[in-house]
Amino acid sequence: MVLKIEVLDSRRHIRTEFCCGQDSLDNYLYKQASQDLKKRVATVFVLIDEPDSHVLAYYTLSAYTVDITVLHEASAKRLPRYPYLPATLLGRLAVDNRQKGQGFGELMLVDALKRAFNASRQVGSLAVVAEALDEEVVNFYIKYGFGQFKQNPMKLYMPMQSVEELVQD
């Protein structure tokens, strides 16, 4: 068996047994993910253990804009004074409960950061933004170097320069 991260294929990937314990994340994968993919609202990446096609974990990436006024001054002072700046949104990241403790969260996060960094070479993006559902998730992102937005501590960001340093190691 081989772990593989690929774009969701609703005809091939088995999502019905996925359960991470957060209804919003589970329901997204069951009901909305393939629609978002078709409409190009988000790209959904899934982790499978080939040749089995059950989804073990998933994340989404989308284009995003950041209001420069919500960034900490240390980050914002080096940026152009446009009112909104381009970023990449890591909107959802979830691991099936049966797979927890195997490092799949970190695997998916690093893969998402690599993809965001590589895309930023083609389409401008100053940071990866992540949205957390609870404090445990906030701490997960902080552990990897994300900072919190001033007005919304459940929303975090990692400057693309930091992403580059992390993924180039």
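The values are calculated or read from the model by the stated rules, or taken from the named source; none is laboratory data. Bear in mind that the values here come from a model prediction, so they are computed numbers and not experimental data. Methodologically, a virtual Cβ is constructed for each residue, glycine included, from the backbone with ideal geometry; neighbour enumeration extends over all protein chains shown. Keep in mind that these areas ignore ligands, DNA and RNA; they rest on the heavy atoms of the full protein, side chains included. Shrake-Rupley method; radii C 1.70, N 1.55, O 1.52, S 1.80 Å.
Condition check for Val167 on (1) out of contact with any strand residue (DSSP E or B) (no Cβ under 7 Å at 6 or more places or on another chain); (2) open to solvent by 30 Å² or more (accessible area, probe 1.4 Å); (3) under 24 Å from Ala57 (Cβ atoms): one failure, at (2).
Counting only residues that are farther than 23 Å from Met154 by Cβ, in contact with a Phe, Trp or Tyr (Cβ under 6 Å, 6 or more places away or on another chain) and modelled with pLDDT under 95, segment 55-80 holds 0 of them.
Looking only at segment 131-154, how many residues end up being touching a residue at least 60 places away in the same chain (Cβ under 8 Å) and open to solvent by less than 50 Å² (accessible area, probe 1.4 Å)? Here the count works out to 2.
Report those helices (runs of 4 or more DSSP H) wholly inside segment 81-169 carrying at least 2 residues which are in contact with a Ser or Thr (Cβ under 8 Å, 6 or more places away or on another chain) and modelled with pLDDT of 95 or more.
Numbers: elements: 104-120, 135-143, 160-168.
Fully inside segment 81-169 and qualifying: 104-120.
Only one entry of Val66, Val95, Val55, Val44 meets the criterion of being free of Cβ contacts under 8 Å to residues at least 40 places away in the same chain and surrounded by 20 or more Cβ atoms within 10 Å (Cβ to Cβ), and that entry is Val44.
Which of the residues spanning segment 3-38 are aliphatic (A, V, I, L, M), under 18 Å from the mean Cα position of the chain (by Cα) and assigned to a strand (DSSP E or B)? I'd like the intermediate steps shown before the answer.
Filtering segment 3-38 for residues aliphatic (A, V, I, L, M) gives 3, 5, 7-8, 14, 25, 29, 33, 37.
Pick out the ones that are also under 18 Å from the mean Cα position of the chain (by Cα) and you get 5, 7-8, 25, 29, 33, 37.
Listed by number, the residues that qualify are Ile5, Val7.
Take the conditions (1) surrounded by 16 or more Cβ atoms within 10 Å (Cβ to Cβ); (2) under 12 Å from the mean Cα position of the chain (by Cα); Glu106 misses just one of them, which is (1).
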